[in-house]
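Participant: There's a structure below that I have some questions on.
The values are calculated or read from the model by the stated rules, or taken from the named source; none is laboratory data. Keep in mind that this is a model prediction, so the values were computed, not measured. Cβ coordinates were reconstructed from backbone atoms using ideal geometry, including for glycine residues, and neighbour counts include every protein chain displayed.
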Amino acid sequence: MTNGAAEGRAGTPVATPEGRGRNPREYGSGASSVTATKEYSHPEQQSLMEAVVGRENMLAAYKRVRANKGVPGVDGMSVNDVWGYCTLNWARIKEELLDGRYEPQPVLGVEIPKPGGGVRQLGIPTALDRLIQQALHQVLSPIFNPHFSESSYGFRPGRSAHQAVLKAREHAAAGKRWVVDMDLEKFFDRVNHDVLMARVARKVKDKRVLVLIRRYLQAGLMQGGIASKRKEGTPQGGPLSPLLSNILLDDLDKELERRGHAFCRYADDCNIYVQTKRSGERAMASITRFLTERLKLRVNADKSAVDRPWKRKFLGYSMTWHTQPRLKVAPSVVKRLKQAVREEFRRGRGRSLKKTIDTLAPKLRGWMNYFKLAEVKGVFEELDMWIRRRLRNILWRHWKRPYARARNLIRRGLTEERAWKSAINGRGPWWNSGASHMNQAFPKKYFDSLGLVSLQDQLRKAQSVR
DNA sequence: GGGGCTTGAAC
RNA sequence: CUUGUUCAAGCCCC
Ligand SMILES: Nc1ncnc2c1ncn2[C@H]1C[C@H](O)[C@@H](COP(=O)(O)OP(=O)(O)OP(=O)(O)O)O1
Ligand SMILES: [Mg+2]
């Protein structure tokens with residue numbers, strides 16, 4: 001039934017001599033509770049750093065870093081510059097890495113707004129450090145990922161938000177109709193270095209790698225002025241950070257599994273499905289204690305709650321109250337899309353309809369592609385009508401004079417009498433774009449022919465493929 | 001199977 | 001000074 005097969009870049013190149021043949025598909029789906037950890041461990045435990053700086057691995061890392069557009073870090077060096085820089089200084093950098101002497105540079109602090117309001121502090125390493133972290137990531141990922149929980153879906157190759165959402169619905173359908181929805185406060189920023197490193201050290205024996213990772217954690221955040229060493233947090237923007245965050249929260253997964261909970265975790269968003277409110281509240285209390293005491297993490301009280309699944313949103317989705325719940329797009333997400341579409345129209349005010357559709361259509365396609373799991377389809381019909389109305393609106397605005405309006409309406413097949421009546425009705429563009437003459441003159445078919453595939457049509461197509 | 005470009009989503 | 005991981009779709013190429 002696993003329809004979303006692991007394709008694309010799921011198979012991160014593994015640069016180890018023995019590790020190369022592993023199937024990316026089974027890569028993320030390690031057997032639950034494996035005791036023979038040695039078996040899956042990296043073949044070169046004592047010389048992991050050699051694997052990191054190995055030619056194959058570095059080339060793969062560089063390719064990846066370049067594929068992301070990236071920005072210059074604090075040293076102002078672009079990704080392209082790094083290639084030249086590395087070929088010139090690689091011998092020295094490699095030696096520093098192998099000797100455990102390499103010192104990372106501070107990360108560049110950038111504030112970006114987040115959707116829910118508030119700001120997110122990004123910590124962007126230099127292009128060179130992104131390259132090295134990427135190389136580390138490629139070596140560490142196959143060591144840790146196979147041992148992660150089946151219920152962990154975030155930041156993992158071969159795992160997706162879709163899988164998590166489907167599993168969540170499954171839990172609710174199985175009669176666990178209460179959810180403990182937990183989110184951590186400033187998750188990456190509050191990662192405790194010692195707690196994390198202890199967990200990394202459980203599988204990584206190479207001291208140089210451990211020291212390097214710690215130095216990356218300690219690298220200061222450059223905020224205009226100078227930066228000082230960090231005592232907590234892993235930079236939001238470091239290629240290694242997502243993997244590290246999973247290594248840290250793996251203990252949470254193991255604890256939840258030990259207690260026999262049905263749960264889905266995606267990054268710091270953890271949903272535990274239970275049968276009663278009481279048991280939910282109990283779980284919430286004890287897991288909160290576990291997180292603060294054992295992992296030194298804080299639960300975000302505002303974003304966390306024990307409630308009914310249909311009152312909560314998980315990964316952009318929500319669900320209905322039925323005993324067999326149906327997935328729906330979370331209301332806040334619909335609002336966000338409308339806002340984005342409005343913004344798109346505002347920016348392209350002077351553009352032709354065709355041009356507007358050409359930029360809008362790929363965005364809607366991508367959006368629909370993510371929310372194609374929604375089984376409540378009313379929103380899509382509503383959005384389709386809303387979008388077409390806005391498009392008719394910009395058409396109407398193009399026609400400044402009654403004569404132009406009448407001419408265009410006639411050209412679209414309206415009778416002369418009706419066209420002229422509408423052309424001079426004196427109403428505003430928004431009224432007219434919803435009026436019957438515009439709907440008749442510019443029906444759905446018209447927009448289809450211009451390349452606007454309606455959300456509903458896209459959904460039907462996606463479901464026929466499935 | 002692999003590579004390129006674009007778009008979207010989750011965090 | 002919009003970064004990172006992951007997933008996916010569309011188009012193009014071998
Ligand atoms: N755009 C992004 N780039 C890099 N890392 C991200 C991005 N979005 C989310 N993350 C990572 C870092 C976050 O700490 C982690 C969890 O996301 P999120 O819960 O939305 O924020 P947060 O935990 O940092 O703050 P909050 O207290 O509001 O929950 O996922
Ligand atoms: Mg959080």
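Participant: If A:M77 passes every condition in (1) outside any helix (DSSP H, G or I); (2) of a type outside the set (D, E, K, R); (3) more than 30 Å from A:N271 (Cβ to Cβ); (4) at pLDDT 90 or above but one, which one does it miss?
Facilitator: Result: A:M77 passes all but (4).
Participant: Another question, if that's okay. Determine whether segment A:329-347 contains at least one residue that is closer than 13 Å to A:A168 by Cα and within 16 Å of RNA strand C (Cβ to nearest atom).
Facilitator: Scanning segment A:329-347, I find no residue that is closer than 13 Å to A:A168 by Cα and within 16 Å of RNA strand C (Cβ to nearest atom), so the answer is no.
Participant: If we scan segment A:250-261, do we find a residue that is under 21 Å from A:L122 (Cα atoms) and either within 16 Å of ligand 1 (Cβ to nearest atom) or at pLDDT below 95 (or both)?
Facilitator: no
Participant: Another question, if that's okay. Would you please name the residue that is surrounded by the fewest Cβ atoms within 10 Å (Cβ to Cβ), looking only at residues in segment A:144-186 that are within 15 Å of ligand 1 (Cβ to nearest atom) and assigned to a helix (DSSP H, G or I)?
Facilitator: Here the residue is A:A161.
Participant: While we're on this one: Tell me, yes or no, whether segment A:22-29 has at least one residue that is away from ligand 2 (no atom under 16 Å from the Cβ), modelled with pLDDT of 50 or more, surrounded by fewer than 15 Cβ atoms within 10 Å (Cβ to Cβ) and in a loop (DSSP other than H, G, I, E, B).
Facilitator: no
Participant: Which condition number does A:R159 fail, the rest of (1) under 16 Å from A:S245 (Cα atoms); (2) outside the structural domain of A:G260 (by the TED database); (3) among the charged types (D, E, K, R); (4) in contact with a Phe, Trp or Tyr (Cβ under 8 Å, 6 or more places away or on another chain) being met?
Facilitator: Unmet condition: (2).
Participant: Considering only segment A:225-247, state which residues are in contact with a strand residue (DSSP E or B) (Cβ under 8 Å, 6 or more places away or on another chain) and either at negative phi or away from ligand 1 (no atom under 16 Å from the Cβ) (or both).
Facilitator: A:A227, A:R230, A:E232, A:P235, A:Q236, A:G238, A:N246, listed by residue number.
Participant: Considering A:M368, A:M385, which residue is away from ligand 1 (no atom under 16 Å from the Cβ), surrounded by 13 or more Cβ atoms within 10 Å (Cβ to Cβ), farther than 20 Å from A:G434 by Cα and not polar (S, T, N, Q)?
Facilitator: Being away from ligand 1 (no atom under 16 Å from the Cβ), surrounded by 13 or more Cβ atoms within 10 Å (Cβ to Cβ), farther than 20 Å from A:G434 by Cα and not polar (S, T, N, Q) holds for just one of A:M368, A:M385, which is A:M368.
Participant: Within segment A:102-117, can you find the residues that are more than 16 Å from ligand 2 (Cβ to nearest atom) and part of a loop (DSSP other than H, G, I, E, B)?
Facilitator: A:Y102, A:E103, A:P104, A:Q105, A:P106
Participant: Read through the list (1) in a helix (DSSP H, G or I); (2) in the same structural domain as A:A173 (by the TED database); (3) crowded, with 23+ Cβ neighbours inside 10 Å, then give the number of the only condition that A:L217 fails.
Facilitator: It fails just one condition, (2).
Participant: Now for a separate question. Take the residues in segment A:40-55 that are at pLDDT below 90 and part of a helix (DSSP H, G or I); name whichever of them is nearest to A:R130 (Cα to Cα).
Facilitator: A:R55
Participant: Sticking with this structure for a sec: Restricting attention to segment A:393-420, and to residues there that are part of a loop (DSSP other than H, G, I, E, B) and not small (G, A, S), which single residue is farthest from A:E344 (Cα to Cα)?
Facilitator: A:T415
Participant: Taking A:D448 as meeting all but one of (1) more than 16 Å from DNA strand B (Cβ to nearest atom); (2) within 44 Å of the chain's Cα centre (by Cα); (3) outside any helix (DSSP H, G or I), write down the number of the exception.
Facilitator: A:D448 satisfies every listed condition except (3).
Participant: Return a yes/no flag: does segment A:119-131 have any residue that is in a helix (DSSP H, G or I) and without any contact (Cβ under 8 Å) to a residue 60 or more places away in the chain.
Facilitator: Yes, the conditions are met somewhere in segment A:119-131.
Participant: I'd like to check something: does segment A:325-340 contain any residue that is over 22 Å from the mean Cα position of the chain (by Cα) and either under 15 Å from A:V179 (Cα atoms) or assigned to a helix (DSSP H, G or I) (or both)?
Facilitator: Within segment A:325-340 (the criterion being over 22 Å from the mean Cα position of the chain (by Cα) and either under 15 Å from A:V179 (Cα atoms) or assigned to a helix (DSSP H, G or I) (or both)), the answer is yes, since at least one residue qualifies.
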